Amino acid sequence: QGGMPQTLSSTSMFTPCGFSPHLHTSKEDEQGGLIFQDGNLTSASLDALIQHLIPTTDYYPEVSNSQCNKQLFIDPHELLSRVCHKCIEQQRLDDPVLDKARIRKFGPKILQLLTEWTETFPYDFQEEGMGFLGGLCFFLSLSLQAYWKKMNQLLQTLNQKLATLSHGQEGIVKISAAVSDKLVAFKSKPPSIQREILSVCSDPYTLAQQLTHVELERLSHIGPEEFVQAFVHKDPLDGTKTCFSEQKKTSNLEAYVKWFNRLCYLVATEICMPAKKKQRAQVIEFFIDVARECFNIGNFNSLMAIISGMNMSPVSRLKKTWSKVKTAKFFILEHQMDPTGNFYNYRTALRGAAHRSLTAHSNREKIVIPFFSLLIKDIYFLNEGCANRLPNGHVNFEKFLELAKQVGEFITWKQVECPFEQDPNIIHYLHTAPIFTEDGLYLASYESESPENQTEKDRWKSLRSTILGKT
């Protein structure tokens, strides 16, 4: 994982270790199922980790690292249940006579724990989790009467958040359906009703900013648990009956990958569509300027989608068109996203953007939108390449610190508010403009610049027959 950024800009939610420093020892040592080396936790039993997620009157855990990683081992509803039952037991909240002084100290801690949990991992409380949390809040509010209003507010806020996330998923589904309906109708060159990008937005700066709007909107719907659920395997040492991986909720993550693919095909479609070589070259130069502005903004996902669209075979084969393009700027951008050395150049640029984000004074400077497919690949290989459990049965905590660091950084980036004014017309076009299928792109490409060899001639003939119904 050498090239990934090493710094985090979150507050105390993401310290290097999710445990109170006073519990650490300086040599290798074991304390109640936790093993430390040089002051760092290296492994722990699941029970010990759950115990460390429980606040007391004078200790508060770091929620996000611990909770995200435990999803690999335990269903969130069961984790919530075990944490809360231990809280009730340890603080003797079910006693008829409560120690009010202790409750005054403990009340804010349990409220903070539930607030952070619901804010960072709202999907944990969908369906049955919501009912359990409601019951728990009611019980706690009886014990901690001063916190009744705050508990109620917590539930309302969570309900709103789940409704927003659900609305985001529905919107994404609708957009996907609209696109796929049009794919068939527009396989060949679309009729004159088809608008092109330059008639909707001729300014590359504006388009880059609107792309950034789309990216940040879609990122905001992806929960950190989706990364875990995308790759989770049933832990053989976990005694729970249900397999959490069967309940995968990764639709926002998958929709975001689909958006990337759509943008690739939209770029290729816009380039292959114009009948005249000069116009095609103009569209290519326009997208090069858009890509460069995406790079300057820190929007690496749109940048990579644009470059990928330009590198698709139906576009790259248009040699006469490319001969009219000033390609120097394109080669610089291509170099930035070159996969050589495990995307060394991109990772260096990403580190620079991440550093800028940390010291930023404005939302404009805070924007970091990573090349998402590579982020997923990094997390996948980190998960696959390291064992969840050590030979002694303990949780491999070093692996999960790295996992939490990468997901934690993503959480920080996705929370940035887009500083650019939204243009609904452009955003609507990006989501709904008809795009060619791969066959449609090849046909449009051959119609623009004739096939150069027998293989291309045969394919052109076949496509004209199947798509246009011509021989």
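Here are the numbers for this structure:
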item: Pick from the range 417-447, criterion open to solvent by less than 20 Å² (accessible area, probe 1.4 Å) and not in a helix (DSSP H, G or I), ranking: nearest to PRO204 (Cα to Cα); result: ALA433
item: Cross-chain or 6+ apart pairs with Cβ under 7 Å, the range 271-295 first and closer than 15 Å to ASN311 by Cβ, then open to solvent by 50 Å² or more (accessible area, probe 1.4 Å) and not β-branched (Val, Ile, Thr); result: ILE288/LYS329
item: Out of LYS109, LYS187, sole residue that is surrounded by 18 or more Cβ atoms within 10 Å (Cβ to Cβ) and at pLDDT 60 or above; result: LYS109
item: Restricting the range 267-280 to residues that are over 17 Å from SER373 (Cβ atoms) and out of contact with any Pro (no Cβ under 9 Å at 6 or more places or on another chain), the residue that is most open to solvent (accessible area, probe 1.4 Å); result: LYS278
item: Residue ID - least open to solvent (accessible area, probe 1.4 Å), chosen from residues in the range 296-338 that are assigned to a loop (DSSP other than H, G, I, E, B) and free of Cβ contacts under 8 Å to residues at least 40 places away in the same chain; result: MET337
item: Residue match in the range 127-136 (condition: over 30 Å from GLU384 (Cα atoms), modelled with pLDDT of 70 or more and surrounded by fewer than 17 Cβ atoms within 10 Å (Cβ to Cβ)); result: no
item: Close pairs from the range 340-351: first in the same structural domain as ASP378 (by the TED database) and without any contact (Cβ under 8 Å) to a residue 24 or more places away in the chain, partner open to solvent by 80 Å² or more (accessible area, probe 1.4 Å) and among the acidic types (Asp, Glu), Cβ under 6 Å, at least 6 apart; result: none
item: ALA404 being part of a helix (DSSP H, G or I) and either among the hydroxyl-bearing types (Ser, Thr, Tyr) or more than 26 Å from THR340 (Cβ to Cβ) (or both); result: yes
item: Condition met for GLU270 (within 27 Å of LEU443 (Cβ to Cβ), within 25 Å of the chain's Cα centre (by Cα), of a type in the set (Asp, Glu) and assigned to a helix (DSSP H, G or I)); result: no
item: Conditions (1) under 30 Å from ALA305 (Cα atoms); (2) not in a helix (DSSP H, G or I); number of the one not met by ALA387; result: (1)
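The values are calculated or read from the model by the stated rules, or taken from the named source; none is laboratory data. Quick caveat, the model's predicted, so the values are computed rather than measured. With ideal geometry, Cβ positions are generated from the backbone for all residues, glycine too; neighbour counts draw on all protein chains shown. Remember, those area values only see protein heavy atoms, side chains included, never the ligands or the DNA or RNA. Shrake-Rupley method; radii C 1.70, N 1.55, O 1.52, S 1.80 Å.
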